[in-house]
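The values are calculated or read from the model by the stated rules, or taken from the named source; none is laboratory data. Please read all numbers here as calculations on a predicted model, not as lab measurements. Because the Cβ atoms are built from the backbone with ideal geometry, glycine has one as well, and the counts that use them run over all protein chains shown. Accessible surface areas use protein heavy atoms only, side chains included; no ligands, DNA or RNA. Shrake-Rupley method; radii C 1.70, N 1.55, O 1.52, S 1.80 Å.
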2 protein chains.
Amino acid sequence: MTEKQQNIFDTALNLFAEHGVDATSTSKIAIAAGVSEGLIFRHFKNKEGLLNAILSSGMEKADAYFHAIIGEIDPKTRIKKALELPFQIDSKDYAFWRLVYTLKWQRGSIESDGMELFRASLAEAFEQLDYENPSAEARLVEAIIDGIATEVLLKDIYPKPLLECILKKYKLNKLHK
Amino acid sequence: MTEKQQNIFDTALNLFAEHGVDATSTSKIAIAAGVSEGLIFRHFKNKEGLLNAILSSGMEKADAYFHAIIGEIDPKTRIKKALELPFQIDSKDYAFWRLVYTLKWQRGSIESDGMELFRASLAEAFEQLDYENPSAEARLVEAIIDGIATEVLLKDIYPKPLLECILKKYKLNKLHK
DNA sequence: CATTAGAGTGATTAATCACTTACAAATATA
DNA sequence: TATATTTGTAAGTGATTAATCACTCTAATG
């Protein structure tokens, strides 16, 4: 990636996240990136290609986090780590996640293979712990993660107290390790 | 409201919810509603005015639900009713809520006075029950509601099992009344 | 019957949209 | 040094955008 190409990538990500893809024109991206509009199309083919480059780059990094949780063998620890996910979002990645959550509502959620494995491994953990409805429990955890992530991404408040609260509900707050 | 005005209102709501406000042109609305484009501007002044009409109309109905919860005096019942909220969304209102959740990420969340009171009354309930951090508990419930509502609105699955799961965590599943 | 007001239309506006083309500058390779 | 190749630009393209325009139609009022 040349410097200008990286410029396009970064400013597009920020503008997409802040105002939405549809409200962000290629001309605005070019101006904000200090680049001619044509260069966007040279490097990324079209607007959709630019968006896809941003998404796949971000999901690659995200998949690493998911696999770290899948690899956790102890079911309690696995669930705990899953619930901790939204509290560990790197602030550098805020724009990316804002974009992902925005796109959920129009273009369907961006699914990586890591996310599917993550879902299944959660249900498996609840099953090992003899929960009554493991798959529903897994979906609930996913919903809670989404809800808290929304809280973290949209309101800039200190989220840690929420972690205490939710871990208590799952009796995971005094878990060794 | 004349029939055509109602037509514009309804089709705009559905298109806004499905594709987003920015991706929905006034010409598309007019065609889908079987109406001349000019009529949109006669009745609603501009696109923003149409959006505002849709939002304020919807929030009026939503406020009724919030006040029903605020009016509940027993703290446990109040919290339970709050957690039940996302499971009781009228399917006729799906489009409206999809629109609300979409707009959260770009134009800021649509806040009604009912919602602020709701938030405060939740914290009050947790305080009465001697929870350690009532305001954090209230924010957590809000986040959970948002997460489950997202689940309900985006995936068309049967959500009731999730209600069982979450009520158990709050020990509200065997609450009389 | 004459007047008025609101509902509704279709053509038209300037601006913006995503994207293309023609060409120059820079950089690598021979 | 000569020649490709890549990186970059400026000026365009037609299509679409939100909004306005002059206008017609209908129904009620006096």
Solvent-accessible area lost in complex, 50 Å² minimum, residues of the range B:105-139 relative to chain alone, 1.4 Å = B:Trp105, B:Gln106, B:Arg139
Would you mind telling me the share, in percent, of accessible area of chain A contributed by carbon and sulfur at probe 1.4 angstrom?
-> 52
Can you bin the protein assembly as shown into rounded, prolate or oblate? Criterion: square roots of the alpha carbon gyration tensor eigenvalues sorted a ≥ b ≥ c, rounded for a/c under 1.5, prolate for a/b above b/c, oblate for the rest.
-> oblate
With +1 on the Cβ of every Lys and Arg and -1 on the Cβ of every Asp and Glu, the dipole magnitude of the range A:1-44 about its Cα centre, in debye rounded to the nearest 20, is 140
Rounded to whole Hz, the Karplus (6.51, -1.76, 1.60) HN-Hα couplings of the range B:160-165, x for glycine and proline = 3, x, 5, 4, 3, 4
Kindly compute the accessible surface that chains A and B hide from a 1.4 Å probe when together, both sides summed, and give it to the nearest 100 Å².
-> 3300
As a check on your grasp of the helix formula, calculate [θ] at 222 nm for the protein assembly as shown: sum -39500 (n - 2.57) over DSSP H runs of n ≥ 4, divide by the residue count, round to the nearest 500.
-> -23500 deg cm²/dmol
Accessible-area loss of at least 30 Å² (1.4 Å probe, chain alone to full protein assembly) applies in the range B:1-45 to B:Asp22
Candidate residues B:Trp105, B:Trp97: accessible-area rank, largest first, probe 1.4 Å = B:Trp97, B:Trp105
Could you size up the charge dipole of the protein assembly as shown around its Cα centre, putting +1 on the beta carbon of Lys and Arg and -1 on that of Asp and Glu, and report it in debye to the nearest 20?
-> 20
Return one number: the angle in degrees, 0 to 90 and rounded to the nearest 10, between the long axis of the Cα atoms of helix A:47-70 and the longest principal axis of the Cα atoms of chain A.
-> 20
From the label point of A:Glu164, set 7 Å from Cα along Cα→Cβ, how far away are the matching label points in the other copies, in nm, ordered shortest to longest?
-> 3.3
How large is the charge dipole for the range A:39-177, taken about the Cα centre, if only the Cβ atoms of Lys, Arg (+1) and Asp, Glu (-1) carry charge, to the nearest 20 debye?
-> 500
To the nearest 10 degrees, the tilt of helix A:75-84 (Cα long axis) against the first principal axis of the alpha carbons of chain A is 40
Over 31 Å between alpha carbons, listed pairs A:Lys47/B:Lys104; B:Lys45/B:Lys81; A:Lys80/B:Lys92; A:Lys76/B:Lys174; A:Lys28/A:Lys92; A:Lys171/B:Lys61 = B:Lys45/B:Lys81; A:Lys80/B:Lys92; A:Lys171/B:Lys61
Send over a whole-number figure in Å² for the accessible area per residue of the protein assembly as shown, probe 1.4 Å.
-> 50
C-alpha center-to-center spacing [the range B:106-152, the range A:1-66] in angstrom = 35
Let me know the volume per residue of the alpha-carbon convex hull for the range B:56-169, in Å³.
-> 101
Taking chain B as the reference, fit the longest principal axis to its C-alpha atoms, fit the long axis of helix B:113-128 to the helix C-alpha atoms, and give the angle between the two in degrees, 0 to 90, nearest 10.
-> 10
